[in-house]
Structure formats: C-alpha cells, structure tokens
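Undergrad: Shown below is the structure under consideration.
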Amino acid sequence: MSMVSVDQVSFTFPVSGLKIMDSVSFTAEKGEFVSLMGPSGCGKSTLLRIIAGLIRPTAGKVMYLNRQIYGPTLGMSFVFQDFALLPWLTNLENIKLGLSLTTLTDEEKNEKAMELIDRFGLTGFEEYYPNALSGGMKQRVGIARAIASEPQVLLMDEPFSALDELTANTMRSDIMFMLQSKDISVNSVIMVTHNVEEAVELSDKIIILSGKPAHVKDARAVALKRPRNKRGREFIEIVDEVYATIAKE
Ligand code: ADP
Ligand code: MG
C-alpha cells in the first residue's frame, strides 16, 4: 500500500479557467523521500496543497493510506517555504499549534512541544518570538510544528530555499538524520524543490513536471547509498541527467 497516491490529478482555476495541471499521477511509498521538480509556475505548490487536502483537485484524486483525501488530515503535515510562523506567538506556542487538531490537554501539548524544542536545538528560545530567530531556527520551529502531531507524511514546499546555503546544508543533514531515527513518526516525505543537487542528495525518487499544464515528464529513482557524496562521480552524473530532463522540451 502506498503512503500517498496521486491519481490523475488535474487542476483548473475556477475563475480564470486556467488549466495548470493535467492528469498528474505518482506515488510516495513507505520509507520514500520524493522530490517534485518543474519550472517555476507549473503548479508544484498547488499540487502539494492538493495532496494536503487544502485544495480540491478539479479531476482525479489523492489517496492517503488507500483513503481518499477530502480535507486536511492529521496524518500529513505541511512545511512552508516562508516558515509561516505566527509572529505574535512564542516559539513554543507556534509548535503547539501543530497539536491543535489533537485531543491532548494543554499540559500534554506543552510537554510534547518542549520535547521538540529540545530535539530541534531550540532550548532557551521557547519563550522568544519567531522574530528573534535566524532563518534556520525559524524553519526548525516550522518543522517541529509539522512533526508535533506525529504525521506519517511530511509535505515540504521549498523548505530550505529561503535559507543561506550553509544553513540549508546543515538543515538537510539534520532532516535526513531525523528521518532515519527510529522514534520518528514520519515515513514518507514529498518535497517541492527547484534545487537539483538538493533533490539528488535527499530523494529516493524525483518526479519532474512539465510546464503548464503540468504533467509528469519523468520519474526517476535515485539509488545512491546514504550519506551521499556530492562530489562523487555517480552523484554528479545523476545531477546532470536531472538537469537535462528538466531542460528537455
Ligand atoms: P509553482 O509552485 O510551481 O511555482 P504554483 O502552484 O504556485 O506554481 O502556481 C501555479 C500557477 O498558477 C502559476 O502560474 C500562477 O501564476 C497561477 N495562479 C496562482 N493562483 C492563481 C489564481 N487564483 N488564478 C489563476 N492562476 C493562478
Ligand atoms: Mg511554489
């Protein structure tokens, strides 16, 4: 059984009638890290929102563990490019927001959020507001909030693209380390990225979408063992192939 199955999803904007997606299908299997790539404006963010149940597709369906998605589910969480933290809430309170759909008591939410503060290296910053944090730390809060409800699927929309390259690199390693740890609920990730090296570093599978209306132009496995050597010959070959596929008409 696939964790997520995107089945012939099409999307047309209701008012303008603009069709941006045409019969997109792919799956994310248990244990798989899937990257979605494609030209700017082709509908990647819209597709991720459709998967999250935030937008309804015009045609086709999304299945989460064999059940059709009609709205947001606790099993899938979203990480945003711009972090989407609420500036008037402390970092702890922002993380607790990720628990708002659960039945935990406030005390249990606090306890859980403090565990995540610790796990994400934010100790000492729990009572600060997001504005006091660097970009990397803000995204740690964003990821902690997403993980809090113990989702099985993590949906990330260009999660590292607002960070400087050094910070992004650290975050990528941290995320891989976190995903490999036994006590983590997440067992599939679908990430939108425009960064080919990032996709090859992190993914088991890369889905390349065409320009509007987007369809799946190529789906390729990345079988390199981890951790991946970005200077290795095989790594560079795959990066070149992915670039070529994206550029190809
Ligand atoms: P991506 O994440 O791949 O860059 P998006 O999913 O954000 O693409 O957007 C897909 C396309 O839909 C873009 O070309 C954008 O201009 C267009 N778009 C976004 N919102 C609307 C809307 N309300 N009506 C019509 N077109 C829209
Ligand atoms: Mg986008």
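The values are calculated or read from the model by the stated rules, or taken from the named source; none is laboratory data. Given the structure is predicted, the values throughout are model-derived calculations rather than measurements. Heads up, the Cβs are rebuilt from the backbone with ideal geometry, glycines too, and the neighbour counts pull from every protein chain shown. For the accessible areas, the whole protein counts, side chains as well, though only heavy atoms, and no ligand, DNA or RNA atoms are used. Shrake-Rupley method; radii C 1.70, N 1.55, O 1.52, S 1.80 Å.
Undergrad: Say we look at segment 181-207 and pick out the residues that are farther than 24 Å from I236 by Cβ and not charged (D, E, K, R); which of these is modelled with the lowest pLDDT?
TA: S181
Undergrad: Which numbered condition trips up K44, out of (1) in contact with a Phe, Trp or Tyr (Cβ under 6 Å, 6 or more places away or on another chain); (2) within 30 Å of I238 (Cα to Cα)?
TA: Every listed condition holds for K44 apart from (1).
Undergrad: Additional query: Give the residue that is surrounded by the fewest Cβ atoms within 10 Å (Cβ to Cβ), with candidates limited to residues of segment 213-241 that are of a type in the set (A, V, I, L, M) and closer than 21 Å to G43 by Cα.
TA: Start the filter on segment 213-241 by keeping residues that are of a type in the set (A, V, I, L, M), which leaves 214, 216, 219, 221-224, 236, 238-239.
Cutting the leftovers down to closer than 21 Å to G43 by Cα gives us 214, 216, 219.
On the way: A214: 27, V216: 17, A219: 13.
So, considering only residues that are of a type in the set (A, V, I, L, M) and closer than 21 Å to G43 by Cα, the one surrounded by the fewest Cβ atoms within 10 Å (Cβ to Cβ) is A219.
Undergrad: Does L99 meet the test of being open to solvent by 10 Å² or more (accessible area, probe 1.4 Å), on the phi < 0 side of the Ramachandran plot and not acidic (D, E)?
TA: In short, no.
Undergrad: Another question about this same structure. When you look at K61, is it charged (D, E, K, R), assigned to a strand (DSSP E or B) and open to solvent by 20 Å² or more (accessible area, probe 1.4 Å), yes or no? Break it down into steps so the answer makes sense when it comes.
TA: Numbers: charged (D, E, K, R): yes; assigned to a strand (DSSP E or B): yes; open to solvent by 20 Å² or more (accessible area, probe 1.4 Å): yes.
Yes.
Undergrad: Need a quick list: strands (runs of 3 or more DSSP E) entirely within segment 183-249 having at least 3 residues that are in contact with a helix residue (DSSP H, G or I) (Cβ under 8 Å, 6 or more places away or on another chain) and aliphatic (A, V, I, L, M).
TA: 188-192, 205-209
Undergrad: Restrict the check to segment 26-38 and report whether at least one residue is within 15 Å of ligand 1 (Cβ to nearest atom), part of a loop (DSSP other than H, G, I, E, B) and within 20 Å of the chain's Cα centre (by Cα).
TA: Within segment 26-38, one or more residues are within 15 Å of ligand 1 (Cβ to nearest atom), part of a loop (DSSP other than H, G, I, E, B) and within 20 Å of the chain's Cα centre (by Cα).
Undergrad: Something else: Which ones in segment 126-182 are β-branched (V, I, T) and assigned to a strand (DSSP E or B)?
TA: Within segment 126-182, just V153 meets the criteria.
Undergrad: Only one of S210, S149, S185 is surrounded by fewer than 16 Cβ atoms within 10 Å (Cβ to Cβ) and of a type in the set (G, A, S). Can you tell me which?
TA: After ruling out the rest, the residue left standing is S185.
Undergrad: Go through L89, L122, L116, L48 for me and flag whichever is part of a loop (DSSP other than H, G, I, E, B) and buried (at least 19 other Cβ atoms within 10 Å of the Cβ).
TA: On inspection, the qualifying residue turns out to be L122.
Undergrad: Only one of (1) open to solvent by 30 Å² or more (accessible area, probe 1.4 Å); (2) under 17 Å from S77 (Cβ atoms) is not met by A162, so which one is it?
TA: Tallying (1) open to solvent by 30 Å² or more (accessible area, probe 1.4 Å); (2) under 17 Å from S77 (Cβ atoms), A162 fails exactly one: (2).
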